[in-house]
Amino acid sequence: MKSYDVCQCGAPLQFHEQPTPEPIGTEVLLRVVAAGVCHSDLHFWEGVYDLGGGRQLKLADRGMTLPLTMGHETVGEVVAFGPDAKGVAIGDRRLAYPWIGCGACKVCQRSDEQLCLKPRFLGVFRPGGYSDFLMVPHSRYLVDYGDIPPEQAAPLACSGVTAYGALRKLGGILQTEPIVIIGAGGLGLMCLCILKSLGGFGAIVLDVDKTKLDAAREAGAIATIDANAADVVRQITEAAHGAVWGVIDFVGSSATVKLGIDCLVKGGKLIVVGLFGGEITISTPYIPIKAMTLQGSYTGSLSELKELIELVRHAPLPYIPVRRRVLSEAYAALTDLKEGKVIGRVVLVPLG
Ligand SMILES: [Zn+2]
Ligand SMILES: [Zn+2]
């Protein structure tokens, strides 16, 4: 088994070769077909989140240990499975749900494994897809993606389910009201496309980058607004014809969370997804007076991923540009992403 691993936070990935593990019990071994290089891999690689005010949250304190094989957007082919694995056959091509919990606690029992306090996330706390093989602890985490191309299916395990999980938190207003999406990067565009597939009313999209706003307009945004404009709140409420009931913030900086709160109507909801980092001060009386909901959203559940795959199988999302790079270019793909050189997605494919 060959992999490219984080051995030191922020340092180049190291090549490792070791005997390919044999699945035991309920385990299923996949040969990796496509492994997405995701923006959150930059956080895992650097090992920190910015908490604002010069403070940091270290992933090592959350149980991440090195060396780590990253990669949480993995499509693979079943090559072996343990004696207790059910419902799998050699040759099945499946998308691995990566946000795996302990499987035993109350949170896991109610199918919110992504919120488990003892996470076993693939590519974060267990080896992930920057490898030629991936071990999945149980067949229930394997999702049949039908005839979706593998490189399009892979990102659904992360950016797809993250956008879908955030949209679901806004509930019924999606069909009747315009929502505001802050951040027109990969996640924001994915969110816009899924909203369309869900038959949503539409979205007003904000960003500071004109090219990204153009992409959002092409993807069907009702309106696009420069987030740096002095009268940005006025522009948003005008585009929404008065009331903003739902905002999804895919940036998560001090400025964007504040902006999200500022444009909400009474009873509105702000969903924060982005992990850019920062801190905000809220005048507490506004929480009851505006009857606002401020909710975080972290990836999505296994059942949300299955719902999303069903949705996409019947209403395909617009094709996201994908660049295939061989596994040995994993570190180059990561640094390109850090430097903002990636358009669409990079998917790692096996060594020749
Ligand atoms: Zn659990
Ligand atoms: Zn991701």
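Throughout, read-outs are computed from the coordinates displayed, never taken from laboratory work. On a predicted model such as this, the values are computed, not experimentally measured, just so you know. Every residue, glycine among them, receives a Cβ derived from its backbone with ideal geometry; neighbour counts consider all protein chains shown.
Given their separation in residues at 0.36 nm each and the Cα-Cα distance between them, residue 303 and residue 105 gain 69.6 nm when the chain is fully extended.
Dividing the radius of gyration of the alpha carbons in segment 1-131 by their Kirkwood radius gives 0.99 for Rg/Rh.
Once you have the Cα-Cα distance between residue 336 and residue 324, take 0.36 nm times their residue separation minus that, and quote the gain in nm to one decimal. Could the numbers behind the result be given before it?
On the way: separation 12, 0.36 × 12 = 4.32 nm, distance 1.33 nm.
Gain in length upon complete extension: 3.0 nm.
Over all other residues within a Cβ to Cβ distance under 13 Å of residue 234, the charged ones net out to -4, with Lys and Arg as +1 and Asp and Glu as -1. Residue ranges 232-243, 56-67 sort as 232-243, 56-67 when ordered by packing (mean number of other C-beta atoms within 10 Å per residue, highest first). Along its principal axes, the chain has C-alpha extents of 60, 44, 40 angstrom, given from the largest down. Judged by the mean number of other Cβ atoms found within 10 Å, the most tightly packed of the peptides 144-150, 191-197 leads the ranking 191-197, 144-150. For segment 207-336, lysine pairs with C-alpha atoms less than 28 angstrom apart, excluding pairs fewer than eight positions apart on the same chain, total 10.
Positive contributions from Lys and Arg (+1) and negative ones from Asp and Glu (-1), summed over other residues with Cβ under 14 Å from the Cβ of residue 217, come out at -2. Label-to-label distance for residue 230 and residue 313 is 5.4 nm, based on points extended 7 Å past Cα in the beta-carbon direction. For the chain, hydrophobic long helices are taken as DSSP H runs at least 27 Å long by C-alpha position along their axis with mean Kyte-Doolittle hydropathy of 1.0 or more; none is present. Projecting the Cα positions of 115, 40, 230 onto the charge dipole of the chain (unit charges on Cβ atoms of Lys, Arg, Asp and Glu, taken about the Cα centre) puts 115 furthest along the positive direction. Sorted on the mean count of surrounding Cβ atoms within 10 Å across their residues, most packed first, peptides 72-85, 128-141 read 128-141, 72-85. Please give me the summed charge of the neighbours of residue 268: other residues whose Cβ is under 12 Å from its Cβ, Lys and Arg +1, Asp and Glu -1. Value of the local net charge: +1.
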